[in-house]
Amino acid sequence: MRAADLLPDAVARLRAAGVPDAARDARLLLAHALGVGADRLTLHLGDSVADAPRARFAAAVDARARRQPLSQITGRRLFWGRSFAVTPDVLDPRPETETLIAAALEGTFARVLDLGTGSGAIVLTLLAERAGVEGVGCDISEPALAVARANADALGLADRVTLLCSDWFGAVAGRFDLIVSNPPYIGGGALAALAPEVRDWEPRAALVPAEDDGSGLAAYRRIISGAGAHLTPGGTVMVEIGASQDAEVARFFAEDGFHDIAVLPDMDGRPRVVRGSLP
């Protein structure tokens with residue numbers, strides 16, 4: 001059987017399961033099963049497929065039909081032009097989080113702290129983009145930190161990043177020019193309305209704050225109130241936010257004495273990052 005012959009049934013299966021853009025996902029899963037780059041799949045569609053890659057493709061389609069995220073099946077996610085390992089222990093790095101990267105790279109910093117680092121995508125991207133910068137990434141999940149360490153090793157950044165098991169600032173020492181975070185910001189009551197890929201497969205602790213009051217804002221209060229003790233003079237905090245949270249998060253910054261507070265939009269024009277600095 002040729003590779004191309006495997007696609008129609010796979011697309012139909014994924015569509016029946018409600019997978020968005022089923023045709024695209026089927027092609028990406030086929031490339032993964034064949035061990036070729038997605039950009040080169042067309043060159044291999046006429047090839048005969050041996051039993052082992054056919055079995056890999058069938059298993060991958062089964063997983064995607066159960067709405068497991070594509071990145072968890074392939075084990076990789078492209079973020080800011082680099083490939084990161086992804087597992088069910090970490091939040092899947094989203095394209096909208098690149099808004100935080102772009103905003104951070106507009107400034108200067110020598111030390112950066114990433115709170116709730118997950119896969120390490122944020123802190124490792126900032127270090128990769130800025131030679132000589134050192135960083136700390138912390139997370140309460142040891143399995144997530146194992147993924148971050150693997151990504152640091154793969155990117156050649158292990159000597160410039162320290163990865164800590166910490167409940168926000170709990171185990172963090174020293175001061176930083178920049179503190180960044182994409183914290184959990186989904187209120188527990190809203191979890192049921194999320195796509196199955198998020199609701200059923202991504203770690204709840206990365207989605208819903210531990211001290212959930214239904215607003216999704218608890219993590220921002222802890223980050224912003226604790227940041228002053230860990231910022232250098234003139235240091236900046238940047239946090240990713242969810243829908244309709246910009247005004248409240250900006251208010252938290254103002255109440256804790258931050259200035260130059262700004263709400264930054266993502267590529268779709270939606271409020272995505274709130275930034276503030278201390279004197």
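Against the criterion of being farther than 20 Å from GLU134 by Cβ, among the aliphatic types (A, V, I, L, M) and part of a helix (DSSP H, G or I), ALA210 does not qualify. Quick check on the range 86-99. Is at least one of its residues in contact with a Leu (Cβ under 7 Å, 6 or more places away or on another chain), among the aliphatic types (A, V, I, L, M) and touching a residue at least 24 places away in the same chain (Cβ under 8 Å)? No; the residues of the range 86-99 include none that is in contact with a Leu (Cβ under 7 Å, 6 or more places away or on another chain), among the aliphatic types (A, V, I, L, M) and touching a residue at least 24 places away in the same chain (Cβ under 8 Å).
Beta carbons closer than 6 Å, at least 6 apart along the sequence or on distinct chains, pair a first residue in the range 190-207 that is over 14 Å from VAL86 (Cα atoms) with a second that is crowded, with 17+ Cβ neighbours inside 10 Å for PRO196/ARG67; LEU207/PRO184; LEU207/ILE186. Out of all the residues in the range 32-52, is one or more within 24 Å of the chain's Cα centre (by Cα), outside any helix (DSSP H, G or I) and small (Gly, Ala, Ser)? Checking the range 32-52: at least one residue is within 24 Å of the chain's Cα centre (by Cα), outside any helix (DSSP H, G or I) and small (Gly, Ala, Ser).
Within the range 79-122, the set of residues being within 20 Å of PRO271 (Cα to Cα) and among the β-branched types (Val, Ile, Thr) comprises THR97, THR99, ILE101, ILE122.
This table checks each residue for (1) touching a residue at least 40 places away in the same chain (Cβ under 8 Å); (2) not in a loop (DSSP other than H, G, I, E, B).
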position: MET238; (1), (2): yes, yes
position: GLY242; (1), (2): yes, no
position: ALA247; (1), (2): no, yes
position: ALA254; (1), (2): no, yes
position: MET267; (1), (2): yes, no
position: VAL274; (1), (2): no, yes
position: PRO279; (1), (2): yes, no
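Would you mind stating whether SER225 is more than 22 Å from the chain's Cα centre (by Cα) and either polar (S, T, N, Q) or outside the structural domain of GLU98 (by TED's automatic domain parsing) (or both)? When the stated conditions are applied, SER225 passes them.
The values are calculated or read from the model by the stated rules, or taken from the named source; none is laboratory data. Not measured: the values here are computed from a predicted model. Here the Cβ is made from the backbone with ideal geometry for all residues, glycine too, and neighbour counts use every protein chain on show.
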